[in-house]
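J.: Sharing a structure, written as structure tokens. Questions coming.
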Amino acid sequence: MFTVEDRDRVRDRLLANAAADRSVVGTAFTGSYADGSGDRWSDTDIVLAVRGDLTTTLNRWTRWLYDELGAHHHWDLRAGPSAVRVFLLPGWIEIDLTFAPEHAFGPRGPQWRTVFGSTQPLQPFTPPDHNTLAGLVWHHALHAGICIRRGHRWQAEHWIGAIRDHVITLACLRLGHPTAHAKGAHLLPDELTAPLDSTLVRALTEPELHRALNASITVATDELGRTDPALAARLRPLFAELLDG
């Protein structure tokens, strides 16, 4: 895998290319590198403020990353008016490049460090909706139970794992930790994370799937009870019916 020196050389080349590109009028680091929380494994997240046609600049940079930095693959995310292109470079160096119109160049959270250019005042990212997460918990529990009855064991395992993911997100949301992609999971106290071990599916057998679903429902109901006791009370008999049926 890459070394810190490899990654830093790539960062330097990206910044030099941005400074030389007339269509790029601003550059900023986001992610862990922006706030100093990164480590030797951290990837590189850069936002480029683009003047003019976004697609032209994005395509030009893509050719440059393949021709000059030896990119192996890329894929895209949409982020409002911006485009995020994720590149895989030699040595497993990941580069996340956001191409933002000038009016959309600015911080939406604390992980931002401007290199050059003028930022715009933007609305912060919206946190996950607690009610939606609660709905996904009972939805996934229902479908996990149905899949067990149908004998769709891999699909049941998928839904059970998804319940656990949402429990982690709910706990992070409640405690003010990062919620995306379990980035705050390591900050949760042991008394919250230890019970999650029992939610892991250890074999694709019907009894084991039932056991893991029961454990997932228990930790999910406990977490919901910390923020919405009335909802947790309404769901408990329904979950019991699901497990007994």
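J.: Which pairs have Cβ atoms under 6 Å, sit 6 or more apart or on different chains, and link a residue in the range 63-84 that is assigned to a strand (DSSP E or B) and open to solvent by 20 Å² or more (accessible area, probe 1.4 Å) to one that is of a type in the set (A, V, I, L, M) and at pLDDT 95 or above?
T.: Listed pairs, sorted by first residue: His73/Leu88; Trp75/Val86; Leu77/Val84.
J.: Among what's in the range 42-58 and is open to solvent by 30 Å² or more (accessible area, probe 1.4 Å) and assigned to a loop (DSSP other than H, G, I, E, B), pick the residue that is modelled with the lowest pLDDT.
T.: So, considering only residues that are open to solvent by 30 Å² or more (accessible area, probe 1.4 Å) and assigned to a loop (DSSP other than H, G, I, E, B), the one modelled with the lowest pLDDT is Asp43.
J.: What number of residues within the range 85-121 satisfy the criterion of being open to solvent by 40 Å² or more (accessible area, probe 1.4 Å) and at negative phi?
T.: 18
J.: Still on this structure, I have one more. Just to check your reading of the model, which residue among Thr193, Thr179 is closer than 16 Å to Pro127 by Cα, surrounded by 16 or more Cβ atoms within 10 Å (Cβ to Cβ) and within 21 Å of the chain's Cα centre (by Cα)?
T.: After applying the criteria, what remains is Thr179.
J.: Select from the range 4-41 the residues that are part of a loop (DSSP other than H, G, I, E, B) and either at pLDDT 95 or above or aliphatic (A, V, I, L, M) (or both) and list them in ascending order.
T.: Scanning the range 4-41 gives Asp21, Arg22, Ser23.
J.: What are the residues in the range 70-111 that are basic (Lys, Arg) and at pLDDT below 95, if any?
T.: The answer is Arg78, Arg108.
J.: Under 6 Å between Cβ atoms, which residue pairs at least 6 apart in sequence (or on different chains) link something in the range 90-103 that is over 14 Å from Arg11 (Cβ atoms) with a partner that is in a strand (DSSP E or B) and open to solvent by 30 Å² or more (accessible area, probe 1.4 Å)?
T.: Once the first residue is over 14 Å from Arg11 (Cβ atoms) and sits in the range 90-103, no partner that is in a strand (DSSP E or B) and open to solvent by 30 Å² or more (accessible area, probe 1.4 Å) comes close enough.
The values are calculated or read from the model by the stated rules, or taken from the named source; none is laboratory data. All of these numbers come straight from a predicted model, not from anything done at the bench. Don't worry about glycine lacking a Cβ; one is built from the backbone with ideal geometry, like all the others, and counts go over all protein chains shown. When the accessible area is computed, the model is the full protein with side chains, heavy atoms only, and any ligands, DNA or RNA have been set aside. Shrake-Rupley method; radii C 1.70, N 1.55, O 1.52, S 1.80 Å.
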